[in-house]
Structures are given as C-alpha cells and as structure tokens.
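Below: one structure, written as structure tokens.
Values in this text are rule-based calculations from the coordinates and carry no lab data. Source: prediction; values computed, not measured. Here the Cβ positions follow ideal geometry from the backbone for every residue, glycine too, while neighbour counts run over all protein chains shown.
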Amino acid sequence: MKIEEYLETLPKNILSGEDIHLSEKSFREIFRFVDLGEDDIFYHLGCGDERGIEIAVNEFKVKKAVGLDNNSEKIQQGKKILEEKNIQGELICKNIEESDISDASVILFWFTDDKIIKQMFEKFENLKPGTKVITIWGPLPNCLPDNVNFPYIVNKVPFKKAQNMQDQLLAIFGVKCIDFVTAWEFAERYTKSIGTPEIKNDRFLTIIQTLVIWINARNLGVTCGKEIPESIQTYIKIMKMNFDIDFEHLLNE
Ligand SMILES: C[S@@+](CC[C@H](N)C(=O)[O-])C[C@H]1O[C@@H](n2cnc3c(N)ncnc32)[C@H](O)[C@@H]1O
C-alpha cells in the first residue's frame, strides 16, 4: 500500500493533530529555550489542556499565562484542574483567529493547517517588536527564524524574510542541501522531542520521517544531488518488503 493509504489507517484525530499534545518534557525544553520568565505574558494557542499553562506559571513564574482552544470540553476540563490546583492561569474557549493576543510576549503556535497559519501570520506580524512566536518543525512561512533548537523554532517580530529555500535550510538545518544523514538526524530529533520517553516504535517513525524529509527535499530541488542515496534506496526497500508500505511513487522524475 502507498504511504498515504497507510496513514489513512491511523485514527483521524491523530492524523489531523487535533489530539496530539506536547509532553511536559517538551514544554520545559521549549520554555528553557526561549528563556521564559517573570516578565513574560505567555499564550498557548490550541492548548488542548492546562499543562503548558501550569508549567509556565508554576515553574517559569510568568506574569500572565493564557491558553486558547476552540474545544469547549477540553477547556472546561482544563479550567477545573487549574481551579483545583489553585493555579493563576487563564483558559479561554475561543477560535485563535478571533482572539486578542496583542499583549503577548511569547506565543506557542503548533499548527500545520495552511489556512490557520496564513491568518495567524498576518496577526503575528502586527504584534509588538520583540514578541516571540515559537513554531515546531518549520518556521513561519517564508521567514528566517531568529533562533533554532530543532524542532523548536523562534520567530521574532518583526519577522525576517528568507530570500529563498536555501536560506531557510541553512538557518534551520545548518546545511545548504539535504542528504541522508541530515534527513535522519533531524527526523530522529523530531521523534525524540515530540514523542513520549517510553515510545517503542521510534525507529519505525524515524525511518518514515527520514524518507518523507528526503523525498520532499528532492521534489523541491534541495537535496545534495539528484541521485537517490543508497541508504534511502535501502530504507524504501525495507518499508516495502517488511511493512508493505510504498514510497517510490512519491519520487517525481
Ligand atoms: C496543538 S493544536 C494543533 C497541533 C497539531 N499537532 C498540528 O500540528 O496542527 C491542537 C489543538 O488546537 C485546537 N484548535 C484547532 N483549531 C483551532 C482554532 N482555530 N482555534 C482554537 N483552537 C483550535 C484543537 O481543539 C486542539 O486541541
């Protein structure tokens, strides 16, 4: 079966990212990386639950922490927990596209939906200079990040425009083109930081992610050469023979 068909067999809420939430370890890594502290007003967009807000308030002592999510059940549940624990964070049930985030100094924004990213980008551009927008895996569209600890990326207002994709690659991966080693290293970092510590199938995820990174890079013309490296060919074969998952059709000529 094609990789797309395999992905279709996974639960929809996992595939859309609706019910994927960051681990507490990831929150701490992100907050340390942006140096979150007592002068900050922190917004977690699409927070899902209260954990990011709880850690920002309790451990990083932020001045104000607000979590926004348009799922009322998730927000109600999160509010209950914050009240029970007596934590001074706000949870608001609202569409992030319609929310006032103008007082933010640090924003956590992990979305993959192009429409939301485009809408929010216009909003972010008008925030006060110095506001940090943390994205995961990629920077804001056509922007050069301010700071990278892959897969965590800091974009700072006013955003710097990237001249081209090589510019972005260099800023994010520290390379001018993607080879097998870069694809593997970054796939592994992503799986390790976003997955749970007890994850059992991380090697399997890393292989899928590596192939997707390398093939996408090739189709965008940013691999180091057009030849398919031997290791990529081997992993394509392993996925086909052992798991009946096909990647070959993704390779444009
Ligand atoms: C963390 S976000 C998205 C993460 C996902 N892994 C991704 O990359 O797109 C998931 C949460 O955002 C919420 N959400 C989705 N769209 C939203 C919107 N327009 N406004 C507010 N919350 C939203 C969902 O209810 C869910 O709890």
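Key figures
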quantity: Degrees separating the helix 114-125 axis from the principal Cα axis of the chain, which is the longest one; calculated: 50 degrees
quantity: Helix 202-219 axis, angle to the chain major axis (alpha carbon atoms, nearest 10°); calculated: 70 degrees
quantity: Net charge, Asn70 excluded, C-beta distance under 13 Å - Lys, Arg +1, Asp, Glu -1; calculated: -4
quantity: DSSP beta bridge pairing in the chain, given as percent antiparallel to the nearest 5; calculated: 35 percent
quantity: Sequence-distant aspartates and glutamates (8 or more away, or on other chains) whose Cα lies within less than 16 Å of Lys176; calculated: Asp167, Glu185
quantity: Taking N as its residue count, the alpha carbon Rg of the stretch 42-158 over 2.2 N^0.38 Å; calculated: 1.04
quantity: Aspartates and glutamates with Cα under 20 Å of Lys123, excluding same-chain neighbours fewer than 8 positions away; calculated: Asp40, Asp69, Glu97, Glu98, Asp100, Asp103, Asp113, Asp114, Asp146
quantity: Alpha-carbon spread of the stretch 175-250, three principal axes, descending order, Å; calculated: 37, 31, 17
quantity: Degrees separating the helix 180-194 axis from the principal Cα axis of the chain, which is the longest one; calculated: 30 degrees
quantity: Rg over Rh [alpha-carbon atoms, Kirkwood Rh] for the chain; calculated: 0.99
quantity: Solitary cysteines of the chain, where the nearest other Cys Cβ is not under 4.7 Å; calculated: Cys47, Cys93, Cys143
quantity: In the stretch 13-66, trypsin sites (Lys or Arg not before Pro) in a DSSP loop with at most 16 other beta-carbon atoms within 10 Å; calculated: Lys61, Lys63
